[in-house]
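Beneath this line is the structure, given in C-alpha cells, with notes to follow.
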Amino acid sequence: MSLLRRGGGSSVKDGASCGSLTHSGGCVYNKLLAQLVSIRKSPKENQALWTRPLNDCPVGQIRTVEEEKPAVRWGGGKGPSVDMKCDKCTKDKCTKKQKNNENESLVNDTKNATTSEIEEESEFHRLANAKIFLSDCLACDNCVTSTESRQIAQQCQEEFFTVLGLNQRCDVSKHKVLVVSISPQSVPYFAAKHCINVTEVIQRLSGFLKGLGVHYVFNMTLAADFSLLESQREFVQRFHQRSQDQHALPMFASACPGWIRYAEKALGSLVLPHICTAKSPQQVMGSLIKDYFAKKQQISPEKIFHVVITPCYDKKLEALGEDFHSSIHQIQGVDCVLTSGEIMQMMEQKSLLLTKVEPAALDNIFEEIGDVCIARHDGRGSDGFLEHIFKYAAKEIFGIEVKEITYKTLRNKDFQEVTLEKDGDVVLRFAATYGFRNIQNMVYKLKKGKFPYNFIEVLACPGGCLNGKGQAMTEDRKMDKDLLHQMEGMYTSLPVQLPEANMHVQMLYQEWLQGRNSAKVQEVLHREYHALSEMSNSIDIKW
C-alpha cells in the first residue's frame, strides 16, 4: 500500500519541546504522611517553552473556511518536571534526595529552579488532611522506572510531529500510516471550549487531524463495547462461582489505569484477584487497529502509528504496560497518547479556531459508506461500567429488567451505591467510587472484611473521566468546575449506544475473534495483573 502524503512543512528541529507533562506527585499508601518537593521551570520559561510556533513542526495544511484568528494560550501549560524522591514514604518530614547521574541526565532542563519556587511547590504538594487524588501517588515509591520515564517522555506532541515529518520525506521505508482514535470523553471538552455541539465538533476535530497529515480518524466507542460486554459476562461468571472462589467477589472495574497502577504497586494480593480481567477500551482499540484493521488494509502492524486522544495523562503510562502489547504480533497497540489539552495546544499555537476548520467525516473501520457518529454509553461521564453490568446481572441472574438506575449518595457525591431488591432482600449491591480518598476508604473496609459490595466502578479522578487532568484543570491546577459542568451537559447530549445492539461487535466476535468463547477472545480482550516489586532506579514523574 502506498502511504498518503499531505501538506508541506519542515522537519522537527532538534530540541523542540514535547507535550505538557503536569501530573501531581506524592507518596501515599496506608498513611498520608509525606511531602514532596517539585522542581520546575519558572513561569516565564514555561511560557517561552510552550509558545514556540508550530511552524517548526512538519504539519500539513489545515483547510479553513475563513481567515485564521489569533491564538489564546491553553491553561499555562508546564514543561517536563521531575520530583525528587523521599527516602521513605512514611517519614513525618520529607528530605530531598540528591540527584544521581541518571536522573540528572533525564531532567537537565529543570535544574535551574529557584529556592522560592521549590518552597512554593513543596507547600503546594503537602499532603494535609488526605486531600489528594489517586493520580498523585502513581509515580511515587519508585513506581516509575527510569526506563519507563524515557518511554513516557515520548508520549508527546514532538513524537507525533516526528512521524508526520518522516511521512513527508522521500524515504518511503520510514513512512507510517497515521491512525488517531478519539475517546468519547474528550469530545465534550472541545465542544465546551469552542461553544459548538458535539456532533459538529467531532467532524471538525477530524478535519484538523487530517489536515495535519493523519490518514484515519476513528472513535473508540466500538472498543468500549467489547470491554463492557466482556466485563458483564465475567461478573455473572464470578457471581455464580462466589461460593467456591473467595476471590470471585467483589469485582473491581479495570478501565482506569490510575487505579490499576495503584493496585498493582500498593495493594497486591488483597485486590488484584478481584479486578476484572477485561482490557480497557484503549487497550482493546490497540488490538483492533494493529490486528483487525491492519489485516483488513493489508498493512504490516509495524507500519501503523496509532495515536489515542484521551482526557487522562495516566493513559500514557497504560500504553507502556507489558500486557498492552499484542501477544499476536508482539508490538505495542498504542504508540502515542495525547491528552485533549495537548491537542488544543496544537490548535492554539497554529492560531486556529476549531470552528474555522473544514469538517471531515470520521472513518469507518469496516469501510462502509455513510457518516460515522460518536456515541456514549449510559453512565456518569465515563463508559458506564456500573450501569451496564448492573442491568445485565439483574436480568441474567435474577430475571429482573432494570430500566432506570437510582443512585444513593453515601459519604459524598463521588461515593454512591446502587442496590437491587427481590422479595424484600437486597440481592445486588454495587458502588461507584471516584477519587483517592474514597478509594482509600474502600480498601480499608476490604481489609477489615466489612465490604458489602458485589461490584465497584473505581476511577482515580473525582467526578470521573470527564474530569481527567488532561482537560479539566484551571491554570493553578485545580478542578475547573464550570468547564466540568459544561462537559457533563454536552456528554449527556451524545446518542446512547447499547453494546449488545452493536451488530459490528457481534460480527467481529465471529470474523475476528473466532467466537464468544474462543481462546482468541481471552488472548485479545483479557489481561492479567501482577504485583509490581519496588524499583530502586526510579524517578518521580510529575505530569
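Entry comment: accessible area of region 221-335 is 29 Å² per residue, from protein heavy atoms only and a probe of 1.4 Å. Heavy-atom surface analysis with a 1.4 Å probe gives region 216-326 a carbon and sulfur content of 47 percent of its accessible area. Only protein heavy atoms count here; on that basis, with a 1.4 Å probe, residue 199 has an accessible area of about 90 Å². Whole-Hz Karplus values for region 459-465 come out as 9, 5, 8, x, x, x, 5 Hz, taken residue by residue from phi with 6.51 cos²θ - 1.76 cosθ + 1.60 and θ = phi - 60°; glycine and proline positions read x. Taking one quarter of the surface of the C-alpha convex hull of region 433-484 gives a mean projected area of 4.2 nm². With each label modelled as a point 7 angstrom along the Cα→C-beta vector, the residue 277-residue 361 pair spans 4.0 nm. Based on Cα atoms of region 400-468, Rg over Rh with Rh as the Kirkwood radius reads 1.00. Label-to-label distance for residue 411 and residue 423 is 3.5 nm, based on points extended 7 Å past Cα in the beta-carbon direction. With a simple spin-label model that places each label point 7 Å from the Cα along the Cα-to-Cβ direction, the separation between residue 302 and residue 172 comes to 1.8 nm. On a per residue basis, region 417-543 carries 47 Å² of accessible surface, using protein heavy atoms and a 1.4 Å probe.
Each 5 Å bin from 0 upward holds the following percent of the Cα-Cα pairs of region 150-300: 2, 8, 12, 14, 17, 15, 12, 9, 7, 3, 2, 0, 0. With the cut-off at 1.5 for a/c, could you classify region 347-497 from its C-alpha gyration tensor as rounded, prolate or oblate? Oblate. Beyond 29 Å in Cα-Cα separation lie the following of the pairs 290/315; 265/445; 422/520; 295/316; 176/478; 176/350: 422/520; 176/478. With semi-axes defined as the square roots of five times the eigenvalues of the C-alpha gyration tensor, the equivalent ellipsoid of region 369-441 measures 25, 21, 9 Å, largest first.
The values are calculated or read from the model by the stated rules, or taken from the named source; none is laboratory data. Here the structure is a predicted model, which is why all the values come from computation and not from measurement. FYI the Cβ positions are ideal-geometry reconstructions off the backbone, even for glycines, and counts take in every protein chain you see. Accessible surface is based on the protein model in full, side chains and every heavy atom, while ligands, DNA and RNA are left aside. Shrake-Rupley method; radii C 1.70, N 1.55, O 1.52, S 1.80 Å.
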